[in-house]
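The values are calculated or read from the model by the stated rules, or taken from the named source; none is laboratory data. Keep in mind it's a predicted model, so treat the numbers as computed, not measured. Heads up, the Cβs are rebuilt from the backbone with ideal geometry, glycines too, and the neighbour counts pull from every protein chain shown.
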């Protein structure tokens, strides 16, 4: 299982995380997020070692804005957390980045809406449905994923914590590609507890 740590913003914290070599590090370019990385120095992200995929997280941003962020930060992946269309996902794949399309999951989620996206994205991301577009720290009922019938691999997000991480690892689903670690591993929004992240990486790997 791959590891993504999302919501990074502070230079020293980012450097400490890079030393742990997670598979993905996410920067949130959504201005209403408490973890907004808009002032992140470009040289920090550009200097990442090979093997860590720099991921930009967007919510209903226009295509040109995302393309500019890809160029400026040398992004390897984009994560789309809004109502972005399958056509937009296809357009962004032409930028030679991985495209991760996020969906908020609740008890009445209709998985059939994913079908039009399946050939246009590299991965789905399943998060708890809230008005915050991620980072809520809330867990959804993972049994709902039994209704997911496509082969497209996915990231699991939404309230993953040191306490429930062993349950994530035990999920019997070959499509579960990565665990997305965020708010439950923080001392405050945008500042990760490196000791907790290190322990999580050790457990997963």
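Cβ-Cβ contacts under 8 Å between residues 6 or more apart (or on different chains), taken from a first residue in the stretch 30-51 that is on the phi < 0 side of the Ramachandran plot and surrounded by 12 or more Cβ atoms within 10 Å (Cβ to Cβ) to a second residue that is in a loop (DSSP other than H, G, I, E, B) and modelled with pLDDT under 85, are listed as 30/133; 33/132; 33/133; 33/134; 33/135; 34/135; 35/135. The requirement of being surrounded by 20 or more Cβ atoms within 10 Å (Cβ to Cβ), at pLDDT 95 or above and either under 26 Å from residue 65 (Cα atoms) or in contact with a strand residue (DSSP E or B) (Cβ under 7 Å, 6 or more places away or on another chain) (or both) is satisfied by residue 101.
Looking across the stretch 1-12 at every residue that is in contact with a helix residue (DSSP H, G or I) (Cβ under 8 Å, 6 or more places away or on another chain) and surrounded by fewer than 18 Cβ atoms within 10 Å (Cβ to Cβ), the one that is modelled with the highest pLDDT is identified as 1. Exactly one residue among 187, 128 is under 13 Å from the mean Cα position of the chain (by Cα) and either surrounded by 13 or more Cβ atoms within 10 Å (Cβ to Cβ) or within 30 Å of residue 15 (Cβ to Cβ) (or both), and that residue is 128.
Here is a yes/no grid of residues against (1) over 26 Å from residue 203 (Cβ atoms); (2) touching a helix residue (DSSP H, G or I) at 6+ places or on another chain (Cβ under 7 Å); (3) surrounded by 14 or more Cβ atoms within 10 Å (Cβ to Cβ):
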position: 124; (1), (2), (3): no, yes, yes
position: 162; (1), (2), (3): no, yes, yes
position: 170; (1), (2), (3): no, no, no
position: 176; (1), (2), (3): no, no, yes
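Residue 69 fails exactly one of the following numbered conditions: (1) buried (at least 16 other Cβ atoms within 10 Å of the Cβ); (2) in contact (Cβ under 8 Å) with a residue 60 or more places away in the chain. What is the number of that condition? All conditions are met except number (2).
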